[in-house]
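In what follows, a single structure is set out as structure tokens and then discussed.
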Amino acid sequence: MHARGGARARDAPLATLRLPDLYLCGYLLEALDDDVSVEPIPAVVTSRFGEIAAGTLRLAHRALQTHAHALGHEPGVWVERALECARAQLSVGLGREERPLVDRVRRCAIALTRAIAATAADAMLVPGELADGLACPLALYLIASTLG
């Protein structure tokens, strides 16, 4: 059981390994959307964007569960925080940033990096940081699901 929990504790860093691919797909989606000669956007790009966002979401969620249970808490409070944060991100819309998908992936990287850094500083900070990090790939996954 300890080995399984230890493996899950590494899920947050593993989630960050998916971010370069997520960034690339987000950039491609935005570039193809800007190119009037490409219509419709190839389904493979939107589908891959959604798959990578889902994988990032899964790993971040597992890391959140692991850290919450390690602290003796149920993760539900932090999952609710992630849902509220994702709702807030989606309510802003995509039109305000120059590169909205790329900017959201960047924010996801920052949030997950903060969660990883918090593990060394204060274990009580980790679930909250992971919840913030979980909101980003959730919002990206929902955006991807509406695109394709």
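The values are calculated or read from the model by the stated rules, or taken from the named source; none is laboratory data. Quick caveat, the model's predicted, so the values are computed rather than measured. A quick note on method: Cβ atoms are made from the backbone with ideal geometry, for glycine too, and the neighbour counts reach across all protein chains shown.
This table checks each residue for (1) under 15 Å from the mean Cα position of the chain (by Cα); (2) more than 23 Å from L17 (Cβ to Cβ); (3) not β-branched (V, I, T).
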{"residue": "A68", "(1), (2), (3)": "no, no, yes"}
{"residue": "R81", "(1), (2), (3)": "yes, yes, yes"}
{"residue": "C85", "(1), (2), (3)": "yes, no, yes"}
{"residue": "L90", "(1), (2), (3)": "yes, yes, yes"}
{"residue": "A109", "(1), (2), (3)": "yes, no, yes"}
{"residue": "T113", "(1), (2), (3)": "yes, no, no"}
{"residue": "L142", "(1), (2), (3)": "yes, no, yes"}
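Taken as a whole, the structure leaves A115 outside the set of residues that are part of a helix (DSSP H, G or I), at pLDDT 85 or above and among the small types (G, A, S).
Taking region 19-32 as the range and being buried (at least 23 other Cβ atoms within 10 Å of the Cβ) and either within 16 Å of A60 (Cα to Cα) or in contact with a Cys (Cβ under 6 Å, 6 or more places away or on another chain) (or both) as the test, only L22 passes. Restricting to region 20-50, name every residue that is touching a Ser or Thr at 6+ places or on another chain (Cβ under 7 Å) and within 14 Å of P137 (Cα to Cα). L22, G50 - these are the residues of region 20-50 that are touching a Ser or Thr at 6+ places or on another chain (Cβ under 7 Å) and within 14 Å of P137 (Cα to Cα). Taking the criterion of being buried (at least 24 other Cβ atoms within 10 Å of the Cβ) and in contact with a Cys (Cβ under 9 Å, 6 or more places away or on another chain), the residues of region 114-137 that qualify are A131, G133, L134, A135, C136, P137. Filter region 22-69 for residues that are among the β-branched types (V, I, T), farther than 18 Å from T146 by Cβ and part of a loop (DSSP other than H, G, I, E, B) and give the result. The answer is V36, V38.
Pairing residues of region 99-118 that are of a type in the set (F, W, Y) with residues that are not in a helix (DSSP H, G or I), at Cβ distances under 8 Å and at least 6 apart in sequence or on separate chains, gives no pairs at all. Screening A63, A53, A88 for residues that are out of contact with any Pro (no Cβ under 6 Å at 6 or more places or on another chain) and buried (at least 17 other Cβ atoms within 10 Å of the Cβ) leaves exactly one candidate, A63.
When D103 is tested against (1) assigned to a loop (DSSP other than H, G, I, E, B); (2) under 23 Å from P13 (Cβ atoms), only condition (1) is not met.
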